[in-house]
Amino acid sequence: MRFSLPLLALGLLSSVASQAQSASATPWLRGVARPDSLLASGPAYRTTADVKVPGRIVSYTWSSGARAWTTPVLRTSTYDANARLLVDQLADSATQVPSQRTTYTYTPAGRVSSTLLEEWNSGSLVPVKLSTYTYDAQNRVIHSLAQMWQNGAWENNFRILISWDANGNETERTGATWTNGAWLTRSGTQRTYRYSASGSVLELTTSGWIIPTGGFSPGTKEIYTYGANPQQYTSYVVQLNSAGTFVNTTRVGNVQYDAQGRQTYYETETWNAGAWQLTGRYTLTYAASGPGYVTLAEARSGNSWTTSYRVSDTYDANGSSTGLYVENWTNNAWVPSSGQRYLLRYNVDNVVDRRVVQTASSATGTFVNASMERYSNFVTAARGAARLLAAVELYPNPSAGSVMLRLDGLRQAGEAQAEVLNALGQVVQRRRLRVGPGLTEHQLDLSALPAGLYSVRLQTVEGVATKSVVRR
């Protein structure tokens, strides 16, 4: 079983200590690079054979002093027949002189195999950085290498090594720099899991790399308890390593779920003087359609509860993200404190052609302009060029639990692999399928997964196709 469900609760726990964190410091407040609707045309969440991506983007920054959009930067992109990015170039929008260019290559399975960064210098683009990626048989990245262009040759600079266990969970990640002709580990995280017979995580011990000793040292342990459903934990305890002994620090308990398996409520406690002290409670409300949600946080004050803050993850009717931000309850009103919201404009083809990013200002309690992007020169992966993409369909979409994977028009028979990936790109489900010419259908069970936007990646002898599905 892939293990990612506790991330929401752990993220919210961190905000109890600091409710006014900046968006860049809060993992669940990171904005997306492009609105979702740029990746699929049509009405809300409808999977289609056509994929629209912008060939031209002009980016602006907001000058609060001049109260105007300034310093436009032109970004031009080229794609292959499956709408995968091949070349991305930045230039001055007025002079058209480029500043940098990134070129991408892909593995046969459709994963990025290399990126080449070039920068403008003395009238031409010169190599700067080459990044290459290696994957295992399950298409999980296990090695990334960064090299810098020095004196007419590539020299090692930095590498990341990643290992995985049989359950698909990451067990180790180390980062090393090339120093005096050898790799020197500078950072690392090691995760040790203990599983139940059904594959549920019972314990997770996380260790960090200690440079002076050159090894890992245990830092935290998480202990999980489950109810009748082995996929849904009801509580977990976080312990910190203190002089070789793990001691209690926080506990998340009374975790409740709705009929669709989504978390709807939980409470937090801190360990104080040998006992658990109730400190907070959280109520999650989900949008009637789409992946949006609101988390309401309340703090314990004496024997009563006081409203503290709320986290909103919002989407429009077309499934495009419109904001992810925190608001504090101040003087009986919601006041933005961190995060971003997105003001979108659609063209006649129902594709976003402009996005304004506004950030929450804790000083003024309002959203203020930060940046703007204008999209144009859209490229469409047509049915003829993306035949495999067109052959794959997911329905119903959104889905309350089960979704049908329909394949129609494949030319060759054989075995295929279907992978379900979460928003972090982690594989949360994997199946082997028999496919062939004509119409075939396979049912995917998403009922054990939390609500959100997922990607279904199908690997066949004819190539790779990826579609999105919303788990409601």
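Checked against the criterion of being of a type in the set (Lys, Arg), surrounded by 12 or more Cβ atoms within 10 Å (Cβ to Cβ) and touching a residue at least 24 places away in the same chain (Cβ under 8 Å), the candidates 300, 281 yield just one match: 281. When 370, 363 are screened for being in the same structural domain as residue 66 (by TED's automatic domain parsing), in a loop (DSSP other than H, G, I, E, B) and among the small types (Gly, Ala, Ser), only 363 passes. Only one of the listed residues (344, 324) is of a type outside the set (Val, Ile, Thr) and modelled with pLDDT of 90 or more. That residue is 344. At pLDDT below 50 and not assigned by TED's automatic domain parsing to the domain that holds residue 344: which single residue out of 46, 34, 30, 2 fits that description? The match here is 2.
Filtering segment 76-112 to residues that are modelled with pLDDT of 90 or more, surrounded by 15 or more Cβ atoms within 10 Å (Cβ to Cβ) and under 25 Å from the mean Cα position of the chain (by Cα) leaves 76, 77, 88, 89, 90, 101, 102, 103, 104. Which residue is farthest from residue 117 (Cα to Cα), if the candidates are limited to segment 151-178 and must be acidic (Asp, Glu) and either modelled with pLDDT under 95 or not assigned by TED's automatic domain parsing to the domain that holds residue 200 (or both)? Here the residue is 165.
To keep it simple, each residue is scored yes or no on (1) farther than 23 Å from residue 75 by Cα; (2) out of contact with any strand residue (DSSP E or B) (no Cβ under 7 Å at 6 or more places or on another chain); (3) free of Cβ contacts under 8 Å to residues at least 60 places away in the same chain.
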{"position": "117", "(1), (2), (3)": "no, no, yes"}
{"position": "140", "(1), (2), (3)": "yes, no, no"}
{"position": "150", "(1), (2), (3)": "yes, yes, yes"}
{"position": "155", "(1), (2), (3)": "yes, no, yes"}
{"position": "172", "(1), (2), (3)": "yes, no, yes"}
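Screening segment 233-276 for residues that are touching a residue at least 40 places away in the same chain (Cβ under 8 Å) and over 22 Å from residue 206 (Cβ atoms) and picking the one that is nearest to the chain's Cα centre (by Cα) gives 262. Here segment 261-278 is the region considered, the condition is being at pLDDT 95 or above and either closer than 18 Å to residue 401 by Cα or among the charged types (D, E, K, R) (or both), and the residue that is surrounded by the fewest Cβ atoms within 10 Å (Cβ to Cβ) is 267. Number of residues in segment 163-193 that are surrounded by fewer than 17 Cβ atoms within 10 Å (Cβ to Cβ), in a strand (DSSP E or B) and among the aliphatic types (A, V, I, L, M): the value is 2.
With respect to the stated conditions, residue 337 is outside any loop (DSSP other than H, G, I, E, B), over 30 Å from residue 219 (Cα atoms), out of contact with any Leu (no Cβ under 7 Å at 6 or more places or on another chain) and assigned by TED's automatic domain parsing to the domain that holds residue 203.
When residue 438 is tested against the conditions (1) surrounded by 15 or more Cβ atoms within 10 Å (Cβ to Cβ); (2) farther than 23 Å from residue 260 by Cβ; (3) modelled with pLDDT under 75, the lone failure is (1).
The values are calculated or read from the model by the stated rules, or taken from the named source; none is laboratory data. Predicted model, so just to flag it, every value in this text is computed and none were measured. Every residue, glycine among them, receives a Cβ derived from its backbone with ideal geometry; neighbour counts consider all protein chains shown.
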